[in-house]
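The numbers here are math on the coordinates, done by the rules we state, and not lab data. None of these values were measured; they are calculated from a predicted model. Cβ placement follows ideal geometry from the backbone for every residue including glycine, while neighbour counts extend to all protein chains displayed.
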Amino acid sequence: MRIIYLLAFLFTGLSSTYDRVRPYPGSDIMADVQSHLPEGHHYNVTARDYGLNYVDQESLDISTVHECVHGINGILRSRLPEGNAFYLLSNNFVAFPEPDVKLSAVLKKVPKELRVFMYDSTYSNGVKYWEDRPLYLMDEFIAHTTAMLYRREKGIKVRDGVPKYALEAGVYVLVLLESLESYEEKEAFAKIVVWDFNRLLDAYNDEQGFKEYARLIVKHLDVAKIDKDLHARLCTY
């Protein structure tokens, strides 16, 4: 399967509710992701889902955006004969074939210094579900970045860990890229990864711990081999 770019005029079949955009005052992003899912979907996050760890609505809404992106990606993935797909907002998505590499093998290559926030709780645990589908890592990266964009859009101050989680998710995708030796779509996939990294860096707003982790990335990964401009940008933190 070759890389697939589908724009708005080809995307109308994703959800029958898209033409009836649900009202979310002050958030184009929340309206976007909600309207691409069926009414009554189960991706809205409640305090119960977090065991009351995050009880304020702003925190819950950040997680809802993240989970909605996972939901949309899942719908897209189910409509492909093979491979994986990622929703990029504004009615756009990309799809790629799964690389012939094990998720566990990719994770073992992540430098220990960069296994900081969610390696054990999220990514290692994902092996049991996604061992043969390493693009799961990109699914997480896109979901984290979109949640961060929503946080910026709404001017939300809580959940200052969101940017760090997104940055760590990007690390695993960079390691995945380094692991792809004979992947036909490596160049095209790298372009989407760099694009999403730049979305993430554009949304950064001096959150605690972000700069320190960005420096660790430059120290322990050869980002310049993937994209010199991204490496230079990370070096500014």
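List of remarks:
- Amide H contacts of E207 (H built 1.01 Å from N, under 5 Å, at least 5 apart or other chain): none
- Loop sites in the range 104-209: trypsin sites (Lys or Arg not before Pro), DSSP, at most 10 other Cβ within 10 Å: K157
- Backbone HN-Hα couplings from phi across the range 130-147 [Karplus 6.51/-1.76/1.60, Hz, Gly and Pro as x]: 10, 3, 9, 10, x, 5, 3, 4, 6, 4, 5, 4, 4, 5, 5, 5, 5, 5
- Net charge of neighbours whose Cβ lies under 12 Å from the Cβ of L174, counting Lys and Arg as +1 and Asp and Glu as -1: -3
- When the alpha carbon gyration tensor of the range 4-234 is reduced to an equivalent ellipsoid, its three semi-axes come out at 26, 22, 17 angstrom, largest first.
- Between T122 and D229, the distance separating the two model label sites (each 7 Å from Cα on the Cα→Cβ line) works out to 2.6 nm.
- Farthest toward the positive end of the dipole of the range 4-234, out of L89, N73, Y213, is the Cα of Y213, where the dipole comes from beta carbon charges about the Cα centre.
- Cα gyration tensor category, rounded, prolate or oblate, for the range 83-175 with a/c compared to 1.5: oblate
- Cα centre as origin, Lys/Arg/Asp/Glu Cβ charges: the range 4-234 dipole, Debye: 340
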